[in-house]
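In what follows, a single structure is set out as structure tokens and then discussed.
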Amino acid sequence: MKPDISVHLRPALGHVIGVVENPELKRFVEGKSQIPASFTEELMGLCKIDVPLLKFLPRAAASPFSGAWARLFTDAGVTGSLASWKACFMFPKAVLLAPVRAGRRVSQKKGSLATQVLERIQRFSSDRDSLLSEVLERATNRVPRAREAKSESGGKVDGKVIDAVKKSVESRIEKSMEKAAVAALRIGDVHKALRILNDAPLAPKNEATLIELRKLHPQGSPPVPPPFYKAPSFSPELVKTALASFAGSAAGLFGYRPFLLQQCLKAESFTFLHAITAIVNQLASGRAPLFLQPFLAGGVSIALAKPNRGVRPLCCGDPLRRLVGKCFCLGGKDDISDEFRGKNYGVGCPGGVEVVAHSLRNDLERFSNTEFGLLKIDFKNAFNMIDRTAFVRATCEKLPALSQWTQWCYGAPSICFMTTST
């Protein structure tokens, strides 16, 4: 018999969601307390460290890595200090730094991947400064592909060189797509592999794309804080189920993927699960350190090129923030379905998409020999245009247990980070 992982997001028979006080969060969303600029600069500097990481934990090092990361999360949850949280997010970059191979096998002098990871775990405790210096040096020496193409052209701008560079870049993109698709197949994610090969290409990482993205992410006024209601307490079983539902997801601002959390849970099921559950519950109740808000509530901004013009914006958020959202959705799916049932064909309506598709097909066949036609209207991106106060108020009225988490995420501006080739 499966354990009950459901939680109440709104009052029900025999269950009352009481009003609670969260003065620190209230002062923050009212603009009466500010995040120190030095805190933001330190965490932003960590986000900008772009280094390749091992996708798979070496078997012999999986348990030590998971245990050490769990202890860092536990310390961060208890102390709430900038140093402890910075250590949490730096740990994967420092320990799982992929070795430079350049087409050759890893040097036997350095030992196996497991040996190298175990050594770096030890150094993270005893010689952290030296270890971080190596990571920074690796990030500094990592040259973006666009700059490589520019250097190959010798700075010349004649037509032949431009065509040669263009063909070189197109060839690299094609090989990169093939490599990414093969990597997805190796971990059993067929859906992601097909998506890589068939989806729209990425827009160029230049100033023009950045301007288009800014148009699609307008600045809005902070919402008026509503009353705060008690958040549910997620069980380890619910967190485990929610974490297992990730499939082929990308990384957020701090560079680690949900797949890494899944591997850690598999290697150290008890220690790591309870450490992550404590962090998830702290975030869900709006009591996590507020200096994390711009980063966990933000994400990496990605632009897909549209066939005709413009870009399609995507944003990949932090795995911890997405894990909290999954816990709310899975645990409170009954309340969410009841609230949205009959109001749309996407939530609380099993087979809703199929209903729309078959209905449209039947109408097209029915009126095929008439003067009637079908008009499809593509509205503007309402998600980034709706008033935040109205959104937060509606969320808290319909599903009160979401109030503190919603206000923590949307009560202040967050960071959408995009790298450019210039």
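Read-outs: derived from the displayed coordinates by stated rules, not from any lab. As the structure is a prediction and not an experimental result, all values here were calculated from the model. Positions of Cβ are backbone-derived with ideal geometry, glycine not excepted, and every protein chain shown enters the neighbour counts.
Straight Cα distances below 19 angstrom link residue 343 to the aspartates and glutamates 334, 335, 354, 397, with same-chain residues fewer than 8 positions distant left out. Under 17 Å of direct C-alpha separation, and excluding same-chain neighbours fewer than eight residues apart, residue 266 reaches these aspartates and glutamates: 237. Positive contributions from Lys and Arg (+1) and negative ones from Asp and Glu (-1), summed over other residues with Cβ under 11 Å from the Cβ of residue 288, come out at +1. Phi angles of region 187-197 translate, via the Karplus equation with coefficients 6.51, -1.76, 1.60 and θ = phi - 60°, into HN-Hα couplings of 9, x, 9, 5, 4, 5, 4, 5, 5, 4, 7 Hz per residue; Gly and Pro are given as x. When Lys and Arg each count +1 and Asp and Glu each count -1, what net charge do the other residues less than 11 Å away from residue 61, Cβ to Cβ, add up to? My count for the surroundings of residue 61 gives +1. Along region 328-334 the Karplus relation, 6.51 cos²θ - 1.76 cosθ + 1.60 evaluated at θ = phi - 60°, assigns HN-Hα couplings of 4, 5, 6, x, x, 4, 5 Hz to successive residues, with x for each Gly and Pro.
Taking the fewest neighbouring Cβ atoms within 10 Å as the starting point, the ordered list for 385, 90, 44 is 385, 44, 90. Where only DSSP H runs of four or more residues are counted, the chain gives -17000 deg cm²/dmol as its mean residue ellipticity at 222 nm, each run worth -39500 (n - 2.57). Across region 293-306, computed HN-Hα scalar couplings (Karplus, 6.51 cos²θ - 1.76 cosθ + 1.60, θ = phi - 60°) run 4, x, 8, 6, 7, x, x, 8, 8, 10, 10, 9, 7, 7 Hz from first to last residue, x flagging Gly and Pro.
Each of 79, 40 was scored by other Cβ atoms within 10 Å of its Cβ. Arranged with the fewest first, they read 79, 40.
Counting only aspartates and glutamates at least 8 places from residue 32 when in the same chain, those with an alpha carbon closer than 19 Å to its own are 21, 24.
Taking amide H atoms as placed 1.01 Å from N in the peptide plane, the amide H of residue 416 lies under 5 Å from those of 299, each 5 or more residues away in sequence or on another chain.
Each of 261, 216 has some number of other Cβ atoms within 10 Å of its Cβ, and from fewest to most they run 216, 261.
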